[in-house]
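Q: Mind looking over this structure? Questions follow.
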Amino acid sequence: MILTLSCPDQRGIVAKVSAFLFERGCNILDAQQFDDQETGQFFMRVVFDADGADRAALRENFGALAEPLKMKWTLRNRAERYRVLLLASKFDHCLADLVYRWRIGELPMDITGVVSNHPAETYANVDLTGLAFHHLPVTKETKLEQESDLWKLIQDTKTDIVVLARYMQVLSDGLSAKLQGRCINIHHSFLPGFKGAKPYHQAHQRGVKLIGASAHYVTGDLDEGPIIEQDVERISHRDTPEDLIRKGRDIERRVLARALRYRLEDRVLLNGRKTVVFTD
């Protein structure tokens, strides 16, 4: 079982949680905690063996412990797999990488489908065998209708997590709000930040020395949601725009995969506009 929690900090939280599990015959296998002294919030992730324990009663009784402490908490059987919907546009490298990692068992999830605003033949180089593919084209005039269809699909498939695997459409404020804490995006990140078309070409023209990528939760503030994972790579004057694109693809793939794995393992806790990530 995996228990995650956050609450206003006070003395004795670790002792109360540990005693609760001990009294019910549970054995703690791993525990991480963080006291954010700036916000006064406490965060904790506990993995424990619950063999022999009444799991339904465990959940109900922990609620009684959590309520007076004003905890936000989750309790999940580690064997349960999150249901994940993958969204992509023309670029297929992140989609291909996530599907591959899923097929070899690196990302323990159930893929509820692949959604794109481009037709299936766009992904001729991606093995989508056995995956439901949904072509949801979108224009400025049909954006609200398309998002309504997307939201219905999310609900009908009982999707837990939505991943924008280089899905080049901006989600509306309404849909972003519905998916708060459930939708992960990958975005190139540079110093300075280049927006618009061909960001790697812009970076090359400015002679950047670092390129990178950020995986973050989607919010109504474009590309400014709570960051889950980031990485960078050094660039030299010898690198062409094509080199930057190639290296950028590699960074985007690994950053998005790490962020999704952290989320699948309940390692990411929201902390206002930031996240607490209990890495392994």
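Q: Is at least one residue of region 118-126 assigned by the TED database to the domain that holds Asp223, under 23 Å from Glu224 (Cβ atoms) and open to solvent by less than 10 Å² (accessible area, probe 1.4 Å)?
A: First, the residues of region 118-126 that are assigned by the TED database to the domain that holds Asp223: 118-126.
Among the residues that remain, those that are also under 23 Å from Glu224 (Cβ atoms) are: none.
For region 118-126, residues assigned by the TED database to the domain that holds Asp223, under 23 Å from Glu224 (Cβ atoms) and open to solvent by less than 10 Å² (accessible area, probe 1.4 Å): absent.
Q: From the residues in region 23-50 that are assigned to a loop (DSSP other than H, G, I, E, B) and charged (D, E, K, R), which one is farthest from the chain's Cα centre (by Cα)? So that I can check it myself, show each step before the final result.
A: To start, the set of residues in region 23-50 that are assigned to a loop (DSSP other than H, G, I, E, B) comprises 24-26, 37-40, 50.
Next cut, charged (D, E, K, R) only: 24, 38.
Details: Arg24: 32, Glu38: 24 Å.
Taking the candidates together, the pick is Arg24.
Q: If you check Gly225 against the conditions, is it modelled with pLDDT under 90 and assigned to a loop (DSSP other than H, G, I, E, B)?
A: Numbers: modelled with pLDDT under 90: no; assigned to a loop (DSSP other than H, G, I, E, B): yes.
When the stated conditions are applied, Gly225 does not pass them.
Q: Still on this structure, I have one more. Can you confirm whether Leu260 is among the hydrophobic types (A, V, I, L, M, F, W, C), under 30 Å from Gly174 (Cα atoms) and open to solvent by 20 Å² or more (accessible area, probe 1.4 Å)?
A: Working: among the hydrophobic types (A, V, I, L, M, F, W, C): yes; under 30 Å from Gly174 (Cα atoms): yes; open to solvent by 20 Å² or more (accessible area, probe 1.4 Å): no.
Answer is no for this residue.
Q: Which residue, of Val17, Val99, Val46, is at pLDDT 95 or above, in the same structural domain as Asn185 (by the TED database) and touching a Leu at 6+ places or on another chain (Cβ under 9 Å)? Explain how you work it out, then say what you get.
A: On the way: Val17 fails: in the same structural domain as Asn185 (by the TED database); Val46 fails: in the same structural domain as Asn185 (by the TED database).
The unique qualifying residue is Val99.
Q: When residues of region 70-117 are filtered for being in a helix (DSSP H, G or I), touching a helix residue (DSSP H, G or I) at 6+ places or on another chain (Cβ under 9 Å) and open to solvent by 10 Å² or more (accessible area, probe 1.4 Å), how many remain? It would help to see each step written out before you state the result.
A: Residues of region 70-117 in a helix (DSSP H, G or I): 93-103.
Within this subset, residues satisfying the condition of being touching a helix residue (DSSP H, G or I) at 6+ places or on another chain (Cβ under 9 Å) are 93-98, 101.
From what is left, the residues that are open to solvent by 10 Å² or more (accessible area, probe 1.4 Å) are 93, 96-97, 101.
The total comes to 4.
Q: Something else: Among (1) in contact (Cβ under 8 Å) with a residue 24 or more places away in the chain; (2) touching a Phe, Trp or Tyr at 6+ places or on another chain (Cβ under 6 Å), which single condition is Leu107 missing?
A: For Leu107, the failing item is (2).
Q: Can you go through Arg83, Arg78 and tell me which one is at pLDDT below 95 and in contact with a strand residue (DSSP E or B) (Cβ under 9 Å, 6 or more places away or on another chain)?
A: Numbers: Arg83 fails: at pLDDT below 95.
On inspection, the qualifying residue turns out to be Arg78.
Q: Let me ask something additional. Looking only at residues in region 51-69 that are part of a loop (DSSP other than H, G, I, E, B) and open to solvent by 40 Å² or more (accessible area, probe 1.4 Å), which one is farthest from Cys26 (Cα to Cα)?
A: Only one residue fits best here, namely Asp54.
Q: Report every pair of residues separated by at least 6 positions or lying on different chains whose Cβ atoms are under 6 Å apart, first residue within region 20-44 and on the phi > 0 side of the Ramachandran plot, second modelled with pLDDT under 95 and surrounded by 12 or more Cβ atoms within 10 Å (Cβ to Cβ).
A: Matching pairs, first to second residue: Gly25/Ala53.
Q: Determine which member of the set Phe48, Phe43 is under 18 Å from Arg267 (Cβ atoms), touching a Cys at 6+ places or on another chain (Cβ under 8 Å) and open to solvent by less than 90 Å² (accessible area, probe 1.4 Å). Explain how you work it out, then say what you get.
A: Details: Phe43 fails: touching a Cys at 6+ places or on another chain (Cβ under 8 Å).
Exactly one of Phe48, Phe43 is under 18 Å from Arg267 (Cβ atoms), touching a Cys at 6+ places or on another chain (Cβ under 8 Å) and open to solvent by less than 90 Å² (accessible area, probe 1.4 Å), namely Phe48.
The values are calculated or read from the model by the stated rules, or taken from the named source; none is laboratory data. Bear in mind that the values here come from a model prediction, so they are computed numbers and not experimental data. No Cβ is skipped: glycine too gets one built from the backbone with ideal geometry, and neighbour counts run over all protein chains shown. Accessible surface areas use protein heavy atoms only, side chains included; no ligands, DNA or RNA. Shrake-Rupley method; radii C 1.70, N 1.55, O 1.52, S 1.80 Å.
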